[in-house]
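Visitor: Handing you this structure, nothing more for now.
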Amino acid sequence: MLAGKRVLLIVTGGIAAFKALDLIRRLRERGASVRCVVTEAATRFVTPLSLQALSEDRVYGDMFSLTDESEMGHIRLSREADLLVVAPASADMLARMAAGLANDLAATVLLATDKPVLVAPAMNVRMWTHAATVANVETLRRRGVSFVGPNDGAMACNEHGPGRMSEPLEIVAAIETLIVGDRPLAGRRALVTSGPTREPIDPVRYISNHSSGKQGHAIAAALARRGADVTLVSGPVAIPAPAGVKLVSVETAQQMLEASLAAGPLDIAVCAAAVADWTVAAPATAKMKKRPGAAPPEIALKPNPDILATLSRSGPQRPALVVGFAAETENLIANARDKRQRKGCDWIIANDVSPATGTFGGERNTVHVVDAGGVESWPTLGKDEVADRLARRVADHFTAPRPAAAAE
Ligand code: CTP
(Lines give C-alpha, C1' and ligand atoms only; values in the text may rest on other atoms or scores of the structure.)
Protein backbone atom coordinates (compact mmCIF):
# COMPACT_ATOMS: atom_id res chain seq x y z
CA MET A 1 0.00 0.00 0.00
CA LEU A 2 2.84 2.39 0.78
CA ALA A 3 5.29 1.39 -1.95
CA GLY A 4 7.05 4.46 -3.29
CA LYS A 5 5.36 6.84 -0.83
CA ARG A 6 7.50 9.46 0.88
CA VAL A 7 6.78 10.23 4.51
CA LEU A 8 8.27 13.26 6.24
CA LEU A 9 8.34 12.24 9.90
CA ILE A 10 8.51 15.09 12.40
CA VAL A 11 9.64 13.88 15.81
CA THR A 12 9.02 16.15 18.78
CA GLY A 13 10.09 15.84 22.42
CA GLY A 14 8.52 13.16 24.59
CA ILE A 15 9.17 9.72 26.05
CA ALA A 16 7.24 8.21 23.12
CA ALA A 17 9.92 9.49 20.70
CA PHE A 18 11.60 6.08 20.92
CA LYS A 19 8.57 4.58 19.14
CA ALA A 20 9.47 6.70 16.11
CA LEU A 21 12.27 4.19 15.44
CA ASP A 22 9.84 1.29 15.15
CA LEU A 23 7.50 3.44 13.07
CA ILE A 24 10.29 4.13 10.57
CA ARG A 25 11.10 0.43 10.35
CA ARG A 26 7.49 -0.54 9.73
CA LEU A 27 6.95 2.17 7.12
CA ARG A 28 10.06 1.13 5.26
CA GLU A 29 9.06 -2.54 5.39
CA ARG A 30 5.94 -1.46 3.50
CA GLY A 31 7.99 0.23 0.81
CA ALA A 32 7.72 3.85 2.00
CA SER A 33 10.75 6.12 2.28
CA VAL A 34 11.06 8.14 5.47
CA ARG A 35 12.89 11.39 6.06
CA CYS A 36 13.05 12.79 9.58
CA VAL A 37 12.88 16.29 11.03
CA VAL A 38 13.56 16.60 14.75
CA THR A 39 12.91 19.36 17.24
CA GLU A 40 15.61 20.28 19.73
CA ALA A 41 13.63 18.55 22.51
CA ALA A 42 13.24 15.36 20.44
CA THR A 43 17.01 14.91 20.35
CA ARG A 44 16.97 14.58 24.16
CA PHE A 45 14.81 11.46 23.83
CA VAL A 46 16.02 9.79 20.64
CA THR A 47 19.33 10.29 18.89
CA PRO A 48 19.39 11.67 15.34
CA LEU A 49 21.96 8.95 14.62
CA SER A 50 19.38 6.22 15.35
CA LEU A 51 16.78 7.97 13.19
CA GLN A 52 19.35 8.39 10.44
CA ALA A 53 20.42 4.74 10.60
CA LEU A 54 16.85 3.45 10.34
CA SER A 55 15.65 5.94 7.73
CA GLU A 56 18.94 5.71 5.77
CA ASP A 57 18.64 9.42 5.16
CA ARG A 58 20.04 12.44 6.91
CA VAL A 59 18.04 13.94 9.75
CA TYR A 60 17.07 17.60 9.62
CA GLY A 61 16.92 19.73 12.72
CA ASP A 62 18.54 23.10 12.40
CA MET A 63 16.71 25.66 10.30
CA PHE A 64 19.65 28.02 10.19
CA SER A 65 22.32 25.54 9.20
CA LEU A 66 23.61 26.79 5.87
CA THR A 67 24.09 23.27 4.55
CA ASP A 68 20.52 22.36 5.44
CA GLU A 69 19.13 25.41 3.71
CA SER A 70 21.36 25.18 0.63
CA GLU A 71 20.94 21.44 0.14
CA MET A 72 17.36 21.09 1.32
CA GLY A 73 15.27 24.11 2.18
CA HIS A 74 12.20 23.71 4.35
CA ILE A 75 9.90 24.21 1.37
CA ARG A 76 11.60 21.39 -0.50
CA LEU A 77 11.35 19.13 2.55
CA SER A 78 7.58 19.28 2.43
CA ARG A 79 7.37 19.45 -1.37
CA GLU A 80 9.25 16.17 -1.66
CA ALA A 81 6.88 14.34 0.73
CA ASP A 82 3.50 12.76 0.10
CA LEU A 83 2.50 13.12 3.72
CA LEU A 84 3.75 14.77 6.92
CA VAL A 85 3.49 12.77 10.13
CA VAL A 86 4.12 14.29 13.55
CA ALA A 87 4.89 11.42 15.96
CA PRO A 88 5.06 11.94 18.80
CA ALA A 89 3.33 15.32 18.80
CA SER A 90 3.88 17.12 22.11
CA ALA A 91 1.39 19.59 23.60
CA ASP A 92 3.89 22.30 22.71
CA MET A 93 3.98 21.24 19.05
CA LEU A 94 0.18 21.20 18.83
CA ALA A 95 0.08 24.71 20.33
CA ARG A 96 2.67 25.98 17.88
CA MET A 97 0.87 24.39 14.94
CA ALA A 98 -2.45 25.88 16.03
CA ALA A 99 -0.87 29.32 16.45
CA GLY A 100 0.95 29.11 13.11
CA LEU A 101 4.37 29.65 14.62
CA ALA A 102 7.51 29.06 12.60
CA ASN A 103 10.09 29.17 15.33
CA ASP A 104 12.04 26.05 14.40
CA LEU A 105 12.44 23.84 11.34
CA ALA A 106 9.64 21.42 12.36
CA ALA A 107 7.07 24.21 12.87
CA THR A 108 8.19 26.00 9.72
CA VAL A 109 7.82 22.88 7.58
CA LEU A 110 4.35 22.33 9.02
CA LEU A 111 3.37 25.93 8.29
CA ALA A 112 4.79 25.82 4.78
CA THR A 113 3.21 22.56 3.67
CA ASP A 114 0.16 21.92 1.54
CA LYS A 115 0.40 18.14 2.02
CA PRO A 116 -1.83 16.03 4.30
CA VAL A 117 -0.70 16.12 7.93
CA LEU A 118 -1.22 13.29 10.41
CA VAL A 119 -0.60 13.93 14.09
CA ALA A 120 -0.01 11.28 16.79
CA PRO A 121 -0.22 13.15 20.11
CA ALA A 122 1.62 11.92 23.20
CA MET A 123 1.52 13.71 26.52
CA ASN A 124 0.46 13.57 30.14
CA VAL A 125 -3.30 13.05 30.58
CA ARG A 126 -3.79 16.48 32.18
CA MET A 127 -1.95 18.21 29.34
CA TRP A 128 -4.13 16.34 26.82
CA THR A 129 -7.37 17.27 28.61
CA HIS A 130 -6.32 20.90 29.32
CA ALA A 131 -8.68 23.39 27.72
CA ALA A 132 -5.78 24.92 25.76
CA THR A 133 -4.87 21.58 24.15
CA VAL A 134 -8.52 20.72 23.52
CA ALA A 135 -8.95 24.05 21.71
CA ASN A 136 -5.72 23.57 19.73
CA VAL A 137 -6.79 20.10 18.60
CA GLU A 138 -10.18 21.42 17.56
CA THR A 139 -8.54 24.23 15.57
CA LEU A 140 -6.20 21.79 13.83
CA ARG A 141 -9.00 19.33 13.04
CA ARG A 142 -11.04 22.16 11.54
CA ARG A 143 -8.08 22.99 9.31
CA GLY A 144 -8.00 19.41 8.04
CA VAL A 145 -5.21 17.97 10.16
CA SER A 146 -5.82 14.25 10.88
CA PHE A 147 -5.25 12.67 14.27
CA VAL A 148 -4.44 9.13 15.37
CA GLY A 149 -4.83 8.49 19.11
CA PRO A 150 -3.85 9.15 21.77
CA ASN A 151 -4.69 5.86 23.45
CA ASP A 152 -5.86 5.25 26.95
CA GLY A 153 -3.51 3.48 29.33
CA ALA A 154 -0.65 3.63 31.81
CA MET A 155 1.86 6.38 31.12
CA ALA A 156 5.52 6.91 31.89
CA CYS A 157 4.55 9.52 34.51
CA ASN A 158 2.72 6.81 36.51
CA GLU A 159 -0.69 8.18 35.62
CA HIS A 160 -3.49 6.54 33.72
CA GLY A 161 -5.76 7.91 31.01
CA PRO A 162 -5.68 9.23 27.46
CA GLY A 163 -2.28 10.50 26.38
CA ARG A 164 -0.27 7.46 25.26
CA MET A 165 0.91 7.71 21.70
CA SER A 166 -0.74 5.21 19.33
CA GLU A 167 1.29 2.11 18.57
CA PRO A 168 3.41 2.26 15.40
CA LEU A 169 1.09 -0.15 13.55
CA GLU A 170 -1.93 2.02 14.38
CA ILE A 171 -0.05 5.00 12.97
CA VAL A 172 0.89 2.99 9.86
CA ALA A 173 -2.78 2.08 9.35
CA ALA A 174 -3.79 5.73 9.73
CA ILE A 175 -1.12 6.70 7.18
CA GLU A 176 -2.43 4.05 4.78
CA THR A 177 -5.95 5.37 5.24
CA LEU A 178 -4.83 8.92 4.54
CA ILE A 179 -2.72 8.05 1.53
CA VAL A 180 -4.90 5.36 0.01
CA GLY A 181 -8.05 7.01 1.26
CA ASP A 182 -10.09 3.96 2.16
CA ARG A 183 -10.72 1.39 4.87
CA PRO A 184 -11.00 -1.81 2.86
CA LEU A 185 -13.06 -3.65 5.49
CA ALA A 186 -15.48 -0.78 6.19
CA GLY A 187 -19.04 -2.12 6.41
CA ARG A 188 -17.84 -5.69 7.14
CA ARG A 189 -18.77 -7.32 10.43
CA ALA A 190 -16.09 -9.46 12.05
CA LEU A 191 -15.94 -11.78 15.05
CA VAL A 192 -12.68 -12.69 16.74
CA THR A 193 -12.52 -15.23 19.57
CA SER A 194 -9.49 -14.88 21.82
CA GLY A 195 -7.88 -16.13 25.01
CA PRO A 196 -8.54 -19.31 26.96
CA THR A 197 -11.83 -20.62 28.31
CA ARG A 198 -12.38 -21.56 31.94
CA GLU A 199 -14.40 -24.65 32.73
CA PRO A 200 -15.53 -24.73 36.37
CA ILE A 201 -14.93 -27.78 38.56
CA ASP A 202 -16.61 -26.15 41.55
CA PRO A 203 -17.16 -22.47 42.52
CA VAL A 204 -13.43 -21.91 43.17
CA ARG A 205 -11.60 -24.29 40.79
CA TYR A 206 -11.47 -24.54 37.02
CA ILE A 207 -9.76 -26.16 34.03
CA SER A 208 -8.03 -23.72 31.67
CA ASN A 209 -4.88 -23.24 29.58
CA HIS A 210 -1.95 -20.85 29.04
CA SER A 211 -3.42 -18.78 26.19
CA SER A 212 -2.60 -15.08 26.72
CA GLY A 213 -5.04 -13.72 24.13
CA LYS A 214 -2.24 -11.65 22.56
CA GLN A 215 -2.66 -13.05 19.05
CA GLY A 216 -6.46 -12.89 19.02
CA HIS A 217 -6.56 -9.38 20.46
CA ALA A 218 -3.98 -8.21 17.91
CA ILE A 219 -6.12 -9.64 15.09
CA ALA A 220 -9.21 -7.84 16.41
CA ALA A 221 -7.23 -4.58 16.49
CA ALA A 222 -5.84 -5.08 12.97
CA LEU A 223 -9.28 -5.80 11.47
CA ALA A 224 -10.72 -2.75 13.24
CA ARG A 225 -7.89 -0.57 11.90
CA ARG A 226 -8.93 -1.63 8.41
CA GLY A 227 -12.46 -0.49 9.06
CA ALA A 228 -14.21 -3.72 10.12
CA ASP A 229 -16.91 -3.61 12.78
CA VAL A 230 -15.29 -6.05 15.22
CA THR A 231 -16.78 -8.03 18.11
CA LEU A 232 -14.05 -9.56 20.27
CA VAL A 233 -15.32 -12.48 22.33
CA SER A 234 -12.63 -13.13 24.87
CA GLY A 235 -12.02 -15.56 27.70
CA PRO A 236 -10.27 -14.28 30.84
CA VAL A 237 -7.01 -12.51 29.87
CA ALA A 238 -4.68 -10.00 31.50
CA ILE A 239 -4.55 -7.62 28.53
CA PRO A 240 -6.98 -4.79 27.68
CA ALA A 241 -9.32 -4.88 24.70
CA PRO A 242 -7.92 -2.88 21.77
CA ALA A 243 -9.43 0.50 20.98
CA GLY A 244 -12.34 0.47 18.57
CA VAL A 245 -13.59 -3.09 19.10
CA LYS A 246 -16.68 -4.31 20.96
CA LEU A 247 -15.57 -6.60 23.78
CA VAL A 248 -17.74 -9.44 25.08
CA SER A 249 -16.09 -11.13 28.07
CA VAL A 250 -16.91 -14.78 28.69
CA GLU A 251 -15.58 -17.65 30.77
CA THR A 252 -16.75 -21.02 29.45
CA ALA A 253 -16.72 -22.50 25.95
CA GLN A 254 -20.52 -22.62 26.01
CA GLN A 255 -20.68 -18.89 26.79
CA MET A 256 -18.11 -18.23 24.06
CA LEU A 257 -20.26 -20.12 21.55
CA GLU A 258 -23.41 -18.23 22.55
CA ALA A 259 -21.66 -14.84 22.38
CA SER A 260 -20.15 -15.75 19.00
CA LEU A 261 -23.50 -16.74 17.52
CA ALA A 262 -25.09 -13.58 18.97
CA ALA A 263 -22.46 -11.43 17.19
CA GLY A 264 -23.93 -12.35 13.77
CA PRO A 265 -24.71 -11.84 10.99
CA LEU A 266 -21.02 -11.84 10.18
CA ASP A 267 -18.81 -11.46 7.12
CA ILE A 268 -15.65 -12.65 8.87
CA ALA A 269 -15.00 -14.99 11.80
CA VAL A 270 -11.52 -15.58 13.16
CA CYS A 271 -11.37 -18.22 15.89
CA ALA A 272 -8.12 -17.60 17.73
CA ALA A 273 -9.31 -18.68 21.16
CA ALA A 274 -7.79 -21.70 22.86
CA VAL A 275 -11.12 -23.29 23.70
CA ALA A 276 -11.09 -26.12 26.23
CA ASP A 277 -12.03 -29.30 24.39
CA TRP A 278 -13.83 -30.71 27.42
CA THR A 279 -15.82 -29.31 30.27
CA VAL A 280 -16.75 -30.81 33.62
CA ALA A 281 -19.87 -32.92 33.19
CA ALA A 282 -21.38 -31.92 36.53
CA PRO A 283 -19.53 -29.06 38.27
CA ALA A 284 -20.05 -29.10 42.04
CA THR A 285 -22.27 -26.31 43.27
CA ALA A 286 -20.34 -26.02 46.56
CA LYS A 287 -16.56 -26.11 47.08
CA MET A 288 -15.32 -29.69 47.00
CA LYS A 289 -13.88 -30.63 50.40
CA LYS A 290 -11.08 -33.04 51.29
CA ARG A 291 -12.43 -35.83 53.49
CA PRO A 292 -9.82 -37.54 55.67
CA GLY A 293 -8.99 -40.95 54.19
CA ALA A 294 -11.25 -40.47 51.14
CA ALA A 295 -9.90 -41.11 47.63
CA PRO A 296 -9.28 -38.05 45.41
CA PRO A 297 -12.40 -37.11 43.46
CA GLU A 298 -12.81 -38.32 39.90
CA ILE A 299 -13.93 -35.58 37.59
CA ALA A 300 -16.01 -36.71 34.63
CA LEU A 301 -15.65 -34.62 31.48
CA LYS A 302 -17.90 -34.09 28.48
CA PRO A 303 -17.01 -32.51 25.11
CA ASN A 304 -17.44 -28.79 24.59
CA PRO A 305 -19.13 -27.42 21.50
CA ASP A 306 -16.70 -26.62 18.69
CA ILE A 307 -17.20 -22.92 17.96
CA LEU A 308 -15.14 -22.89 14.76
CA ALA A 309 -16.94 -25.92 13.32
CA THR A 310 -20.33 -24.53 14.35
CA LEU A 311 -19.67 -21.21 12.62
CA SER A 312 -18.25 -22.95 9.54
CA ARG A 313 -21.36 -25.07 9.16
CA SER A 314 -23.99 -22.48 10.04
CA GLY A 315 -25.77 -22.72 6.67
CA PRO A 316 -27.13 -19.48 5.26
CA GLN A 317 -25.83 -17.65 8.35
CA ARG A 318 -22.26 -18.78 7.60
CA PRO A 319 -19.77 -15.90 7.53
CA ALA A 320 -18.25 -15.46 4.06
CA LEU A 321 -14.78 -16.10 5.48
CA VAL A 322 -14.08 -18.37 8.45
CA VAL A 323 -10.52 -18.61 9.76
CA GLY A 324 -9.32 -21.07 12.38
CA PHE A 325 -6.03 -21.70 14.13
CA ALA A 326 -4.25 -25.00 14.51
CA ALA A 327 -2.01 -25.15 17.52
CA GLU A 328 0.20 -28.17 16.92
CA THR A 329 3.34 -29.68 18.34
CA GLU A 330 4.00 -32.17 15.50
CA ASN A 331 3.08 -32.78 11.82
CA LEU A 332 2.08 -29.13 11.62
CA ILE A 333 0.93 -28.82 8.00
CA ALA A 334 -0.65 -32.28 7.69
CA ASN A 335 -2.62 -31.78 10.91
CA ALA A 336 -3.65 -28.29 9.83
CA ARG A 337 -4.92 -29.56 6.47
CA ASP A 338 -6.85 -32.25 8.23
CA LYS A 339 -8.27 -29.76 10.75
CA ARG A 340 -9.38 -27.44 7.95
CA GLN A 341 -11.34 -30.27 6.33
CA ARG A 342 -12.81 -31.51 9.57
CA LYS A 343 -13.92 -28.12 10.81
CA GLY A 344 -15.03 -26.83 7.40
CA CYS A 345 -13.30 -23.44 7.67
CA ASP A 346 -11.72 -21.53 4.78
CA TRP A 347 -8.27 -20.84 6.17
CA ILE A 348 -6.29 -22.42 8.96
CA ILE A 349 -3.43 -20.52 10.53
CA ALA A 350 -1.11 -23.28 11.65
CA ASN A 351 1.37 -22.52 14.39
CA ASP A 352 3.87 -24.65 16.23
CA VAL A 353 3.26 -24.31 19.95
CA SER A 354 5.99 -26.68 21.14
CA PRO A 355 7.43 -25.21 24.36
CA ALA A 356 10.76 -24.46 22.62
CA THR A 357 9.05 -21.98 20.25
CA GLY A 358 7.84 -19.77 23.12
CA THR A 359 4.64 -19.05 21.15
CA PHE A 360 2.24 -19.50 24.07
CA GLY A 361 2.39 -16.27 26.06
CA GLY A 362 5.30 -14.97 23.94
CA GLU A 363 5.49 -12.00 21.59
CA ARG A 364 6.34 -13.78 18.35
CA ASN A 365 4.73 -16.41 16.18
CA THR A 366 5.70 -18.48 13.14
CA VAL A 367 2.64 -19.36 11.11
CA HIS A 368 1.61 -21.11 7.90
CA VAL A 369 -1.65 -20.18 6.21
CA VAL A 370 -3.40 -23.24 4.81
CA ASP A 371 -6.26 -22.61 2.40
CA ALA A 372 -7.85 -24.29 -0.60
CA GLY A 373 -4.98 -23.00 -2.75
CA GLY A 374 -2.18 -24.52 -0.67
CA VAL A 375 0.20 -23.39 2.06
CA GLU A 376 1.72 -19.96 2.54
CA SER A 377 4.55 -19.88 5.11
CA TRP A 378 5.28 -16.58 6.81
CA PRO A 379 8.56 -15.72 8.52
CA THR A 380 8.72 -15.46 12.32
CA LEU A 381 6.97 -12.18 13.13
CA GLY A 382 5.69 -10.27 16.14
CA LYS A 383 2.10 -11.23 16.96
CA ASP A 384 0.90 -7.76 15.96
CA GLU A 385 2.68 -8.14 12.63
CA VAL A 386 1.07 -11.56 12.06
CA ALA A 387 -2.28 -9.90 12.85
CA ASP A 388 -1.61 -7.06 10.44
CA ARG A 389 -0.65 -9.43 7.63
CA LEU A 390 -3.70 -11.53 8.28
CA ALA A 391 -5.97 -8.46 8.23
CA ARG A 392 -4.40 -7.43 4.91
CA ARG A 393 -5.01 -10.93 3.53
CA VAL A 394 -8.63 -10.75 4.70
CA ALA A 395 -9.06 -7.35 3.02
CA ASP A 396 -7.50 -8.73 -0.20
CA HIS A 397 -9.86 -11.70 -0.02
CA PHE A 398 -12.86 -9.40 -0.18
CA THR A 399 -11.47 -7.33 -3.03
CA ALA A 400 -10.06 -10.28 -5.02
CA PRO A 401 -11.57 -13.50 -3.60
CA ARG A 402 -9.38 -16.57 -3.32
CA PRO A 403 -10.63 -20.13 -3.98
CA ALA A 404 -13.68 -20.89 -1.84
CA ALA A 405 -14.10 -23.01 1.27
CA ALA A 406 -13.15 -26.57 2.01
CA ALA A 407 -13.08 -27.72 -1.61
CA GLU A 408 -9.59 -29.21 -1.50
N1 CTP B 1 -11.87 -24.30 18.47
C2 CTP B 1 -13.16 -23.87 18.73
N3 CTP B 1 -13.92 -24.53 19.65
C4 CTP B 1 -13.44 -25.62 20.28
C5 CTP B 1 -12.11 -26.07 20.01
C6 CTP B 1 -11.36 -25.38 19.10
O7 CTP B 1 -13.60 -22.89 18.14
N8 CTP B 1 -14.19 -26.23 21.17
C9 CTP B 1 -11.08 -23.61 17.43
C10 CTP B 1 -9.91 -22.84 17.93
O11 CTP B 1 -10.25 -21.51 18.23
C12 CTP B 1 -8.98 -22.93 16.73
C13 CTP B 1 -9.28 -24.27 16.13
O14 CTP B 1 -10.58 -24.59 16.60
O15 CTP B 1 -9.29 -21.96 15.78
C16 CTP B 1 -8.34 -25.39 16.44
O17 CTP B 1 -8.19 -25.60 17.78
P18 CTP B 1 -7.13 -26.69 18.33
O19 CTP B 1 -7.25 -26.74 19.80
O20 CTP B 1 -5.79 -26.46 17.77
O21 CTP B 1 -7.66 -28.00 17.67
P22 CTP B 1 -8.60 -29.10 18.22
O23 CTP B 1 -9.89 -28.95 17.55
O24 CTP B 1 -8.59 -29.07 19.71
O25 CTP B 1 -7.90 -30.41 17.71
P26 CTP B 1 -6.73 -31.26 18.41
O27 CTP B 1 -7.19 -31.48 19.80
O28 CTP B 1 -6.70 -32.46 17.54
O29 CTP B 1 -5.46 -30.46 18.32
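The values are calculated or read from the model by the stated rules, or taken from the named source; none is laboratory data. Owing to the predicted nature of the structure, the values given are computational and were not obtained by experimental measurement. Backbone-built Cβ (ideal geometry, glycine too); neighbour counts: all protein chains shown. The protein model used for the area step is the full one, side chains on, heavy atoms only, and it has no ligands, DNA or RNA in it. Shrake-Rupley method; radii C 1.70, N 1.55, O 1.52, S 1.80 Å.
Visitor: I want to verify a result. In a Gaussian network model of the chain, Cα cutoff 10 Å, which of these has the top mean-square fluctuation: P240, P355, P116?
Guide: Highest fluctuation among the options: P355.
Visitor: Based solely on its DSSP helices, what 222 nm [θ] is calculated for the chain when runs of n ≥ 4 H residues each add -39,500 (n - 2.57) and the sum is averaged over all residues, nearest 500 deg cm²/dmol?
Guide: After summing the helix terms and dividing by the residues of the chain, the value is -9500 deg cm²/dmol.
Visitor: Among 256-266, 338-348, what's the highest-first ranking by average C-beta atoms within 10 angstrom per residue?
Guide: The packing order, highest mean first, is 338-348, 256-266.
Visitor: In addition: Over the chain, with every protein chain in place, what whole percent of the accessible area is carbon and sulfur at 1.4 Å, could you tell me?
Guide: 54
Visitor: Counting only C-alpha contacts under 8 Å and six or more residues apart, can you give the relative contact order of segment 93-140 as a whole percent?
Guide: Here the relative contact order equals 45 percent.
Visitor: Post the alpha-carbon centroid distance, segment 147-175 to segment 323-367, in whole angstrom.
Guide: Taking the Cα centre of segment 323-367 as reference, the centre of segment 147-175 is 32 Å away.
Visitor: Which entries of K214/K246; K246/K302; K246/K339; K115/K246; K302/K343 show an alpha-carbon separation above 23 angstrom in the structure shown?
Guide: K246/K302; K246/K339; K115/K246
Visitor: Also: Quick check: net charge around A243, other residues with Cβ under 9 Å of its Cβ, Lys/Arg +1 and Asp/Glu -1?
Guide: Around A243, the charge tally is -2.
Visitor: With 10 Å bins from zero, work out the P(r) of the chain over every alpha carbon pair and list the percent per bin.
Guide: It works out to 5, 20, 27, 21, 15, 8, 3, 1, 0, 0, in whole percents.
Visitor: Can you sort E40, E29, E170 by 1.4 Å-probe accessible area, starting with the largest?
Guide: Ranked from most to least accessible, the order is E40, E29, E170.
Visitor: So if R0 is 41 Å, what FRET efficiency would R44 and S208 give, r being the distance between their Cβ atoms, rounded to the nearest 0.05?
Guide: After rounding, the FRET efficiency stands at 0.35.
Visitor: Moving on. What is the ratio of the Cα radius of gyration of segment 120-238 to 2.2 N^0.38 Å, with N the residue count, to two decimals?
Guide: Taking N as the residue count of segment 120-238, the ratio is 1.36.
Visitor: Calculate the FRET efficiency for A243 and A282 from the Cβ-Cβ distance with a Förster distance of 41 Å, rounded to the nearest 0.05.
Guide: 0.50
Visitor: Would you work out the relative contact order for segment 6-180, in percent, from Cα pairs under 8 angstrom that are 6 or more residues apart?
Guide: Reported relative contact order: 23 percent.
Visitor: Another question, if that's okay. Which stretch or stretches of segment 156-170 have amide N atoms under 16 Å from the point lying 7 Å from H130's Cα along the Cα→Cβ direction?
Guide: 157, 162-164
Visitor: Compute the accessible area per residue over the chain, keeping the other protein chains in place, probe 1.4 Å, unit Å².
Guide: Each residue of the chain exposes 46 Å² on average to a 1.4 Å probe.
Visitor: Kindly state, to the nearest 0.05, the FRET efficiency for N331 paired with E159, given R0 = 51 Å and r defined as their beta-carbon distance.
Guide: So the FRET efficiency works out to roughly 0.55.
Visitor: Kindly give Rg over Rh for segment 6-180, based on alpha-carbon atoms, with the Kirkwood expression for the hydrodynamic radius.
Guide: 0.93
Visitor: Pick out, in residue order, every one of the trypsin sites (Lys or Arg not before Pro) in segment 105-181 that is DSSP loop and has at most 15 other C-beta atoms within 10 Å; say none if there are none.
Guide: When the trypsin sites (Lys or Arg not before Pro) of segment 105-181 are filtered for loop state and at most 15 Cβ neighbours within 10 Å, R143 remain.
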